[in-house]
There are 2 protein chains.
Amino acid sequence: MRSIGAARLSLSTITSEALWEKTGRSSGSELFRLKDRKGSKLLLAPTHEEEITQLLVGYISHRYYPLRLYQIGRKYRDERRPRAGLLRGREFLMKDLYTFDTTEQAALDTYRDVQGAYKALFDELKLPYLVASADSGSMGGSLSHEYLYPSTVGEDTIVSCSDCGYTANLEAVVPKTEGHDPTFHPTRKEIAIHHSITRDRKTLINSFYLASASSSSQPINLSRLATLVPDLDPSTTDAVELFEKHYTPFDPAHSAKASKSHSPPKYSQIINVFDAGLPSIFSEPNFSNHMDVPAYPSFIADKTIPSTSISRDPHTDLPLRILRVNDGDPCPKCDSGKLTSTTAIELAHTFHLGTRYTEPLNAEVQLEDNRRVPLHQGCHGIGVSRMIAAIAEGWRDGKGLNWPRVVAPYDVMVVAREDMELDGRAVYDALVGEGGDPEGKSTLDVLFDDRTTKDLIWKMTDADALGFPVICVVGRGWKNKEVEVQCRRKGLKMNVPLAELKEKVEEVLTDL
Amino acid sequence: MRSIGAARLSLSTITSEALWEKTGRSSGSELFRLKDRKGSKLLLAPTHEEEITQLLVGYISHRYYPLRLYQIGRKYRDERRPRAGLLRGREFLMKDLYTFDTTEQAALDTYRDVQGAYKALFDELKLPYLVASADSGSMGGSLSHEYLYPSTVGEDTIVSCSDCGYTANLEAVVPKTEGHDPTFHPTRKEIAIHHSITRDRKTLINSFYLASASSSSQPINLSRLATLVPDLDPSTTDAVELFEKHYTPFDPAHSAKASKSHSPPKYSQIINVFDAGLPSIFSEPNFSNHMDVPAYPSFIADKTIPSTSISRDPHTDLPLRILRVNDGDPCPKCDSGKLTSTTAIELAHTFHLGTRYTEPLNAEVQLEDNRRVPLHQGCHGIGVSRMIAAIAEGWRDGKGLNWPRVVAPYDVMVVAREDMELDGRAVYDALVGEGGDPEGKSTLDVLFDDRTTKDLIWKMTDADALGFPVICVVGRGWKNKEVEVQCRRKGLKMNVPLAELKEKVEEVLTDL
């Protein structure tokens, strides 16, 4: 963060619902909510766009910008499925950077700077990682990348092209558009329908697509669908039964009241969503007349239920693509490649937010020509606690953890035979200098295992389990004043004379 | 913390109400409460005795102990009166150390070790401070000290003896007991009554004391009283009127129901509290017969209201002292001294807790003789964010802040005249070495003010306001290759040749 001129700060964890109402995010289902003794509605912040943008209101001179501010602190999410320890917790550690520029172009340059810093960081962690185009989701904004660690325990699916290097989160991939003959008119058997439902069970979503376009059992990009219907419940498989069970007929009087109070409709309704692969006739309002396609539930076809049709993306106004890509599908970015997918853990996410938050919160800048415009913002997070889990997972082997040097709590662990405690201390001194390293000026971070109740084998096993990059064993070789230097990652075990020890250990550590 | 062998950890901020119920602290009125999506009752931890003690359950071998664990993190309190920025916030930074020993004696030795470490820390901050015997209050335990910074903005009142050095929080001072003649029988005019009431307005507390024992307008130690009646409202002055207004007659049927549900009584009641300075007759149950003393409200005397009498301290079973001491009162610890009081800010608090938490939470240790006993615990906090406020307050002057070196973000600020930016950089290099100090190995932390839009006077004023211990000015003297070294704390301004600069600056910094 320092390499790109960012300054560190620390924002309050407790924030106010009123502030989040201004940006339309106060209804989030993963927010921890609380009230103070006066009844004020508070939130535990899962991220800080609102707080930090609010702070800049009034910092109007263009001389304050560019501004890059970051913090490392605890974040809170009332997760539906907390799992796997540090991988997805309800309380977690995050590094979040917020950038503010006076123009869109400057903000995009900043975005590139951040990408450079993130790549440098992940390179240093020596962890294989992917950078994927991502869906901005509920954060908003127009440009976004994820940094992911490929892992079978990951919850994200990443799609890569065999030829052009295109990499993206499955949710962000728009399938290749195959132009179709305007006179093409699928028979009703050629149309497939996928049903999903909202969490309140009052809205049934019928997704129509060309049956030949997907043979997958999960044809629909539910994440895309959720940008159209935010309350979508992605976990249900029996949407029609649930809709029927909770069916509430439309009542105009009730409806008018509900609409005034901004609460969700209390009656049942249908949203019909049309994939761009279908001919345009399917977006017409009289569509329901055609509803004798196979699998269309008679329960719905029989009734007059309020319904809406969506066939264009409301954000881009382009024809809507609601299908997921599958392994083997053609790459949407090149002419030759095929897509393959892999699961991965999201470690970091960069967003170019534009004026998504600065506009509603009125964070403006006065340009040199005196025009006042909203600031252009970016936000860039790294899941610190999650990264620790990913690194542990990525580098472990049958003997235990195996930290890359840059995150290892110590570079070297010194273990000595039970009767050689003093010799062990001499080896420690040879590595850091006599009397230890109280000022932290040594080039090596060394730990000496001084537990006198344990034998050498126990200590060696424990040092392996804890994952120190290098272990120095003071044992059999000591009669020749030699220390055994072990490095599991390099498959290395060698006896080194004490006089050469420090130099040799530094050499081994160089690329760890 | 390292100097006393404590290891750092980091506990979750979110904790559960169920855990706090086990130690009887879940009803605290300053707890921030929240629920997760499953309805589980959670708390934002204001302190971590429960969490950390819970972690040790099962670590039964005496070989694990002594154990000293600390963290530095955010704490939360739903304060009645948040005030003065960092001095009393609802979210604040705290260093909290928890110690565990196998015997009471070992725990007391640990307590002394911690006191030594705290004194070393406060000495290094170069802040005048007091160490005062304190009241353990709601934390429990039998031995407790506060570390305080005397300040007119402080909320604590500290009492010191003119002769013997005794220092204690006003709330912790037990007034000198003056033995009285067992035949002494005050007339009714010689008895004074102080009325207070609980927050729920259902319990009136009548505190009886010898009128001659205090002439103060605030005679009662309300903090002591609150240990007897935790719901006491210390802020009211019209207790009798409030009691009368909310008077609810006793209803045996209702009462039985309420008692079963563990909720507080819904009817009005009286607690009579007797200071030990009164003859013992006043602790007798038939006391209310005597209640024609002056100022006893006729409203109460007229009715049959359920009442309780307290004349001994329930924790120690000693006669109860409920009076506050006043300036000029005799010292309770020596024969000659008089007490004087001063206000102060509490910066740290040490508690010897004994088995207050380990017993209810079942945190046991198996001793060498195989007996299993509860661990002996201590907890020791430092208000980090509050300390920053106190240091700022303590060292500021008309020109701005003035940080002691040990907490200053930088030792030295270099400012240069507008046309001498390169010369300023040369001075910076002379102090830390060419190319800056990316590895943090320099003996000096130096900052260079590179703001090119500001003039020298502006930068000097700003450096003074920010409170750097030393400021190096590159200006008029530079034609002779001299730098002006300024130290406001020492009232020092001198021209130093560049070649001697580093040595001179280190000398000035030595005792800052």
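The values are calculated or read from the model by the stated rules, or taken from the named source; none is laboratory data. Keep in mind that what you see is a predicted model, and the values were worked out from it rather than measured. Cβ coordinates were reconstructed from backbone atoms using ideal geometry, including for glycine residues, and neighbour counts include every protein chain displayed. Surface areas here come from the heavy atoms of the whole protein model, side chains and all, with no ligands, DNA or RNA. Shrake-Rupley method; radii C 1.70, N 1.55, O 1.52, S 1.80 Å.
Screening segment A:207-262 for helices (runs of 4 or more DSSP H) wholly inside it with 2 or more residues that are at pLDDT 80 or above, open to solvent by 70 Å² or more (accessible area, probe 1.4 Å) and within 25 Å of A:A192 (Cβ to Cβ) returns the ranges A:239-245. Note on segment B:457-512: enclosed strands (runs of 3 or more DSSP E) holding 3 or more residues that are of a type in the set (A, V, I, L, M, F, W, C) and open to solvent by less than 40 Å² (accessible area, probe 1.4 Å) are B:470-474, B:482-487. For segment A:344-362, indicate whether the set of residues that are open to solvent by 50 Å² or more (accessible area, probe 1.4 Å), assigned by TED's automatic domain parsing to the domain that holds A:P128, among the hydrophobic types (A, V, I, L, M, F, W, C) and within 21 Å of the chain's Cα centre (by Cα) is non-empty. No, the conditions are met nowhere in segment A:344-362. Of all residues in segment B:1-15, those that are within 12 Å of another protein chain (Cβ to nearest Cβ), open to solvent by less than 40 Å² (accessible area, probe 1.4 Å) and out of contact with any Phe, Trp or Tyr (no Cβ under 8 Å at 6 or more places or on another chain) total 2.
If you go through segment B:269-285 one residue at a time, do you hit one that is assigned to a strand (DSSP E or B), at pLDDT 85 or above, aromatic (F, W, Y) and crowded, with 18+ Cβ neighbours inside 10 Å? The answer is yes, given that some residue of segment B:269-285 is assigned to a strand (DSSP E or B), at pLDDT 85 or above, aromatic (F, W, Y) and crowded, with 18+ Cβ neighbours inside 10 Å. Could we say that B:V57 is away from chain A (no Cβ under 14 Å) and open to solvent by 40 Å² or more (accessible area, probe 1.4 Å) here? Judged against the criteria, B:V57 is a match. Checking each residue in segment A:404-429 for being in contact with a Leu (Cβ under 8 Å, 6 or more places away or on another chain) and among the hydroxyl-bearing types (S, T, Y) picks out only A:Y410.
Among the residues of segment B:368-386, those identified as open to solvent by 20 Å² or more (accessible area, probe 1.4 Å) and either in contact with a strand residue (DSSP E or B) (Cβ under 8 Å, 6 or more places away or on another chain) or not assigned by TED's automatic domain parsing to the domain that holds B:Y65 (or both) are B:R372, B:V373, B:P374, B:H376, B:V384, B:R386.
Of all residues in segment B:446-456, which are in a loop (DSSP other than H, G, I, E, B) and touching a strand residue (DSSP E or B) at 6+ places or on another chain (Cβ under 7 Å)? B:D449, the sole residue that qualifies. Select from segment A:389-438 the residues that are more than 23 Å from A:T510 (Cα to Cα) and assigned to a loop (DSSP other than H, G, I, E, B) and write down the one among them that is nearest to the chain's Cα centre (by Cα). For segment A:389-438, the residue satisfying everything is A:G398. Considering only residues that are over 30 Å from B:R88 (Cα atoms) and modelled with pLDDT of 95 or more, which ones fall in segment B:313-366? Within segment B:313-366, B:E359, B:P360, B:L361, B:N362, B:A363, B:E364, B:V365, B:Q366 qualify. Quick check: anything in segment B:70-81 without any contact (Cβ under 8 Å) to a residue 12 or more places away in the chain and out of contact with any helix residue (DSSP H, G or I) (no Cβ under 8 Å at 6 or more places or on another chain)? Yes, that holds for at least one residue. Of all residues in segment B:18-39, those being surrounded by 13 or more Cβ atoms within 10 Å (Cβ to Cβ) and within 13 Å of chain A (Cβ to nearest Cβ) number 8.
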